[in-house]
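The values are calculated or read from the model by the stated rules, or taken from the named source; none is laboratory data. As the structure is a computational prediction, the values presented were derived from the model and not from experiment. So basically every Cβ, Gly included, is an ideal-geometry build from the backbone, and we count neighbours across all protein chains shown. In case anyone asks, the SASA skips ligands and DNA or RNA and just uses the protein heavy atoms, side chains included. Shrake-Rupley method; radii C 1.70, N 1.55, O 1.52, S 1.80 Å.
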Protein chains: 2
Amino acid sequence: MAVGETRFPEMPEIEGLRLGATMAGIKKPGRRDLVVIEITEGARVAGAFTRNAFCAAPVTVAREHLSACTARGEAPRYLVVNTGNANAGTGEAGLHDARATCAELGGLVGVGAERVLPFSTGVIGEPLPMDRLLAGLPGAVQALDDGSHAWQAAGEGILTTDTRAKGASVTLALGDETVTINGIAKGSGMIRPDMATMLAFVATDAAIEPSLLDQLLREAVERSFNCITVDSDTSTNDACMLIATGRGVSVVDGEALTRFREGLLQVMTELAQAVIRDGEGATKFVTLQVDRARSRREALDVAFTVAHSPLVKTALYASDANWGRILAAVGRAPVEDFDVNRVTIDLGEVRLVENGGRASGYTEEAGSAVMAREEIDIRIALGRGEQGATVWTSDLSHEYVTINADYRS
Amino acid sequence: MAVGETRFPEMPEIEGLRLGATMAGIKKPGRRDLVVIEITEGARVAGAFTRNAFCAAPVTVAREHLSACTARGEAPRYLVVNTGNANAGTGEAGLHDARATCAELGGLVGVGAERVLPFSTGVIGEPLPMDRLLAGLPGAVQALDDGSHAWQAAGEGILTTDTRAKGASVTLALGDETVTINGIAKGSGMIRPDMATMLAFVATDAAIEPSLLDQLLREAVERSFNCITVDSDTSTNDACMLIATGRGVSVVDGEALTRFREGLLQVMTELAQAVIRDGEGATKFVTLQVDRARSRREALDVAFTVAHSPLVKTALYASDANWGRILAAVGRAPVEDFDVNRVTIDLGEVRLVENGGRASGYTEEAGSAVMAREEIDIRIALGRGEQGATVWTSDLSHEYVTINADYRS
């Protein structure tokens, strides 16, 4: 199941970046499951990784290799991504496998192992099938291309329980020149990113210095991937990479930086929302906007408390305008000195709650009409300050239980 | 659905306390839905209430009346409990209805309204049907009795989506005398108590001074009702009352206090566990024991992170020994400087995780054999200190989604 239609967009070429996908048979035959991304010499690469303490072996190795490159003033040249196996909970053997993958690809393409970053997604706790993975690398390298079809093939080659590939692209006119930002992402369950979603790769042809690139990535992650949740479960393998090949316009400050920042946030928000629309068992796409909070943290706390409430999520699934459950979830959010008489809750254009209880003009018919929609907006105003936050989530359906009771992920 | 068999126990008389239940037709005809509890003059009463900021009108009024009694050095004489309607999210009108209920019962039995405490449970946001509720009060008063059947009738008269009445009783021999502690509770969904579960009423014939009674209640709640979760949703109506009629032995300190404290914890733990066994859609009863933590708070944080994980809960439902999901949930718990290489996770008698990954001796067969059971123990040792905590929870089943997608609660 998934909410709405999403077509994989036409992706313009990013000069200095090529992608190759192949079928290595890592988990099952006949599907793309191994992707190599080639980055030109002289590019800049920033990364954000999961905060899960049980982080996967490839996350540990990717962090190490990225630091090693940075210390030498250079950037990674290759990313290698497999689906079907997360290489998580695999201890020392898993670290060895991740490093061996980098060494093998490095040997094939003529760079040191440390200039290759590994990424894995799929089942936790099984050893990586190294024979099939290594045997697939030459095919992925051979497939390297910068056309839109290569982006789509790579988007498909990183999926697990996702039902569709997720891509987003913007092209910005900066003066006489243009800058392109392309991104692909995967994720459907175990989605409560804490730095970045399961896996996302975003690239631009702009030239951006490392510290600014890092700052831009962190800002955009904070307002996109860190604002979505399917099921409150943070993955062991989350990673989001931002690549600036430097072949195009230089982005340093002023209008160009403002425009680039907006464009990057747009690409990453589209990808984050695509993850929610494809959330496991999702039948609704829900936007939770909390404002008039004392701080952004407080607004996020309220939004995530509502977004994680199984009772709110099952009511959304049932298209039941059960505002009492929303009110109860808001009421248990970790907010100090909370005066609920100042809270208002709106469902689409219908006011649900004011003055500590059901809004006087509310009718069940009006509430039900909004809840019947596939895309639902819930706005909660706390009456405490001027800060706000927006979080996107899905509902809790029978199919979510079926997927997760049947699928060994 | 519910886990295991639970018979309502034989409840000895508590001298100085009577219960009466009746069918007032508050939500639907033909079921007990209105309960009155009569407490002798000279008793002591302690209460713990929800911390949900949107607390229900009866919670506000019960708190006010309890404070007013305490200020005058006396205790409440009557509790009145209805199911079928939570009188929550009902604003000023709800407060008026709760006060009117107390005044009406007070008039019937000849005490001031402030010596009556109101409790409600059921659907949120509908006005209390005052005509039927008030019309039912004389019948409930007429039914007042101290026999075991009166306890059972009261236990039935407070249920909502529960499938069975929940009672527990212990009798302690203190020297030549005995002390009895009886309790009833209700709760099945919206269960993540934060002070106390939905509704619990515990009574003893012991004589205990108010400040000690209050302390004993808080200690026992902290280790019983505050250690259970079905779905992470804290109710607007949670309340737990402890009544000491004072007709029996005096409990002040020493051995008697130690024994009483243990007995009280036993009754409240049995009631809390009965709530989980009857959790909405529950097919498993899960004990999560976290030890070797730096603090009890840290142990509770890890236990609740695992207990609330939808992926862990669906794996439990599927009897799938998916230890990777438990590991991922432990890894995202809010623990500082977390060295996962020191963590061990055991499922029943089977070691799942050690040294940051799957335990070397682990086999899928051994794990599956434990997961097939109806009662499952998960023990997580953090390797950081000497503190621990135990939390009880249920699984996440199709029936949970059905109940909460269909039932307007």
Does the range B:291-305 hold any residues that are outside any strand (DSSP E or B) and aliphatic (A, V, I, L, M), and which are they?
B:A299, B:L300, B:V302, B:A303
Can you tell me which of (1) open to solvent by less than 10 Å² (accessible area, probe 1.4 Å); (2) at pLDDT 90 or above is the one B:L311 doesn't meet?
(2)
Please determine, by comparing only the residues of the range A:353-398 that are small (G, A, S) and part of a strand (DSSP E or B), which one is nearest to the other protein chains (Cβ to nearest Cβ).
A:G357
When the range A:139-180 is checked residue by residue, the ones that are open to solvent by 50 Å² or more (accessible area, probe 1.4 Å) and either in contact with a Cys (Cβ under 7 Å, 6 or more places away or on another chain) or among the polar types (S, T, N, Q) (or both) are A:Q142, A:Q152, A:T163, A:T171, A:T178
Going through the range B:117-131 in order, the residues found to be in contact with a strand residue (DSSP E or B) (Cβ under 9 Å, 6 or more places away or on another chain) and either more than 18 Å from B:A57 (Cα to Cα) or open to solvent by less than 40 Å² (accessible area, probe 1.4 Å) (or both) are B:L117, B:P118, B:F119, B:S120, B:T121, B:G122, B:V123, B:I124, B:G125, B:L128, B:P129
Check on A:D278, more than 24 Å from B:I403 (Cα to Cα) and within 20 Å of the chain's Cα centre (by Cα):
yes
Taking first residues from the range B:274-286 that are under 11 Å from B:D162 (Cα atoms) and second residues anywhere that are of a type in the set (D, E) and part of a loop (DSSP other than H, G, I, E, B), the pairs with Cβ under 6 Å that are 6 or more apart or on different chains are B:D278/B:D162
Which of (1) part of a helix (DSSP H, G or I); (2) closer than 26 Å to A:E64 by Cβ does A:I243 not meet, given it meets every other one?
(1)
Of all the residues that make up the range A:148-175, how many are of a type outside the set (S, T, Y) and over 30 Å from A:T258 (Cβ atoms)?
11
Quick one: in the range B:326-339, which of the residues that are within 18 Å of A:E126 (Cα to Cα) and facing chain A (nearest Cβ under 7 Å) is nearest to the chain's Cα centre (by Cα)?
B:A329
Could you list, in sequence order, all residues of the range A:291-324 that are within 7 Å of chain B (Cβ to nearest Cβ) and within 16 Å of A:R379 (Cβ to Cβ)?
A:W323
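Looking at A:E255, A:E270, A:E280, which one is open to solvent by less than 30 Å² (accessible area, probe 1.4 Å) and of a type in the set (D, E)?
A:E280
With respect to A:V401, determine if the residue is open to solvent by less than 10 Å² (accessible area, probe 1.4 Å), within 12 Å of chain B (Cβ to nearest Cβ) and among the β-branched types (V, I, T).
yes
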Any idea how many residues of the range A:339-353 are at pLDDT below 90 and open to solvent by 30 Å² or more (accessible area, probe 1.4 Å)?
2
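Quick one: is B:S188 assigned to a loop (DSSP other than H, G, I, E, B), of a type outside the set (A, V, I, L, M, F, W, C) and crowded, with 21+ Cβ neighbours inside 10 Å?
Yes; evaluated as a whole, the condition is true for this residue.
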B:L128 meets each of (1) closer than 30 Å to A:V312 by Cβ; (2) at pLDDT below 90; (3) touching a Gly at 6+ places or on another chain (Cβ under 9 Å) with one exception, condition (2)
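Condition check ((1) polar (S, T, N, Q); (2) touching a His at 6+ places or on another chain (Cβ under 7 Å); (3) more than 19 Å from B:E10 (Cβ to Cβ); (4) part of a loop (DSSP other than H, G, I, E, B)) across all residues:
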position	(1), (2), (3), (4)
B:P118	no, no, yes, no
B:T121	yes, no, yes, no
B:P127	no, no, yes, yes
B:L133	no, no, yes, no
B:G136	no, no, yes, no
B:G139	no, no, yes, no
B:A150	no, no, no, no
B:A153	no, no, no, no
B:E156	no, no, no, no
Within the set of pairs 6 or more residues apart or between chains, which connect a residue that is surrounded by 13 or more Cβ atoms within 10 Å (Cβ to Cβ) inside the range A:359-384 to a residue that is in a loop (DSSP other than H, G, I, E, B) and basic (K, R) with Cβ atoms less than 6 Å apart?
A:I376/A:K284; A:R384/A:R294
Within the range B:202-209, does at least one residue satisfy the condition of being crowded, with 19+ Cβ neighbours inside 10 Å and either assigned by TED's automatic domain parsing to the domain that holds B:Y400 or under 12 Å from the mean Cα position of the chain (by Cα) (or both)?
yes
Quickly run through the range A:30-89 and pick out the residues that are within 14 Å of chain B (Cβ to nearest Cβ) and in contact with a Leu (Cβ under 6 Å, 6 or more places away or on another chain).
A:F54, A:A57, A:N85, A:N87, A:G89
Only one of B:E92, B:E126 is over 27 Å from the mean Cα position of the chain (by Cα), within 14 Å of chain A (Cβ to nearest Cβ), without any contact (Cβ under 8 Å) to a residue 60 or more places away in the chain and at negative phi; which?
B:E92
Residues (away from chain B (no Cβ under 14 Å), in contact with a helix residue (DSSP H, G or I) (Cβ under 8 Å, 6 or more places away or on another chain) and open to solvent by 10 Å² or more (accessible area, probe 1.4 Å)) located in the range A:219-235
A:E219, A:R223
Of a type in the set (A, V, I, L, M, F, W, C), under 22 Å from the mean Cα position of the chain (by Cα) and within 14 Å of chain A (Cβ to nearest Cβ): is that true of B:F119 in this structure?
no
